[in-house]
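Heads up: the structure comes next, in structure tokens.
The values are calculated or read from the model by the stated rules, or taken from the named source; none is laboratory data. Note that this is a predicted model, so its numbers are computed, not measured. Surface areas here come from the heavy atoms of the whole protein model, side chains and all, with no ligands, DNA or RNA. Shrake-Rupley method; radii C 1.70, N 1.55, O 1.52, S 1.80 Å.
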Amino acid sequence: MAFSSCSTTAILRTSLPPLPSLRRSPPYTPPIFQSLVANPPACSLRLHKSSRIGVNPEEFHCKASSSMAEIATEKAKGKVQVFDSEEDLAVSLAKHTADLSDKFAKRRGAFTVVLSGGSLIKSLRKLVEAPYIDAVEWSKWHVFWVDERVVPKDHEDSNYKLAFDGFLSKEGGEGRASLAVNYPYAMLHTKDGGYSICQKYIKPEPTGQVPIPPGNVYAINDALSAEGAADDYETCLKHLVKSNIIDISQATGLPKFDLMLLGMGPDGHVASLFPGHPLVQANKQWVAFIKDSPKPPPERITFTFPVINSSANIALVVAGAGKANVVNVALGNGQSSDLLPVQMVSPEGELTWFLDKGAASQL
């Protein structure tokens, strides 16, 4: 898989060697949602105690099917969906993502998607199976990372490698491309508005990949320091906003990604924004760097909350009973001495929680 070392490809199109033709899928037509029941029965889930974050202290209602319950919370907390299993969660997440892809590809001619690391990538597996692998208009996708570890791209801690192995190199849920262990690349340089732009190019494998155009996958420049990589990624984003690849928020003037797919750590961190760390309050940069991450590796780059919360859509994907306590703090009646980073996720667009029963077990 080729990738942009964010330092955009748009301005380097004429410099790149010719790419093999990519399979263009027909425009995606969302399938009719097949519910197991025509009119899901109403149900209620009673909270144990009064919630301190605004959920109705007596009870809250949900729409239920055999595999999913939808919990109604106050608008600021978003829509909360609870699934019987992680498998059901992955199926619903694929449909949600595919529907948004279709919507924005038709509206804007592009679909900007932000990935995170951890178990989220596994939950995207249904997107590379039927019907989505052949129905999604992958040529419109532009892929970014909400945070990245400043390590080589073939390092086991790299979020890029995680996404490549678990998502970008998949086809039909079975085939996969071989990963170039040493990531050979040619360095290309140009100038754009006074900025020095560097792109790493890897010749794409001929088969076994999600057909996203190679130049639409924006990885960090791992040859730079953490501070340099953050500055370079922010410069890339600004160029893509200027060229209308990334939308801009009319409310904040910040980049407005179409869909941000976030996971959550067992301590309530999102991206590389950790509880109690000063970076949680950063509001000047679009992309910040961290050299003392509480979780290894210590050097990372991350989107800041103003950028995260300018998104048109955020999907918060949480699975496993080990995260149930933090989910309860964020959505139920759990207590925390400090505001957790996950509680600071509040997009100007739509927020949807995807929980399995384990993660929701304390609600």
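When the residues M260, M68 are ordered by accessible surface, computed with a 1.4 Å probe over the protein chains alone, the sequence from largest down reads M68, M260. By the gyration tensor of its Cα atoms, with a ≥ b ≥ c the square roots of the eigenvalues, what is the shape of segment 224-323: rounded for a/c under 1.5, prolate for a/b over b/c, or oblate? Oblate, since a/c reaches 1.5 and b/c is not below a/b.
Pairs with C-alpha atoms separated by more than 19 Å, drawn from the list K295/K323; K161/K256; K79/K170, are K161/K256; K79/K170.
Decide, for segment 270-321, between rounded, prolate and oblate: order the square roots of the alpha carbon gyration tensor eigenvalues as a ≥ b ≥ c, take rounded if a/c falls under 1.5, and otherwise choose prolate if a/b is larger than b/c, else oblate. It comes out oblate by the Cα gyration axes.
Express in nm, to one decimal, how much length is gained between K238 and K79 on full extension, taking 0.36 nm for each residue of separation and deducting their alpha carbon distance. Can you show the working numbers first?
Details: separation 159, 0.36 × 159 = 57.24 nm, distance 3.06 nm.
My answer for the length gained is 54.2 nm.
Which shape class, rounded, prolate or oblate, goes with segment 319-363 when its Cα gyration tensor gives a ≥ b ≥ c as root eigenvalues, a/c under 1.5 marks rounded, and past that a/b bigger than b/c marks prolate?
On the way: a/c = 2.31, a/b = 1.19, b/c = 1.94.
Oblate is the answer for segment 319-363, as a/c is 1.5 or above yet b/c matches or exceeds a/b.
Surface listing: H142, H155 arranged by accessible area from highest to lowest gives H155, H142, probe 1.4 Å.
Cross-link partners for K284 among the aspartates and glutamates, with Cα-Cα distance under 20 Å and sequence neighbours closer than 8 places in the same chain left out: D147, E148, E227, D231, D232, E234, D247, D292, E299, E348.
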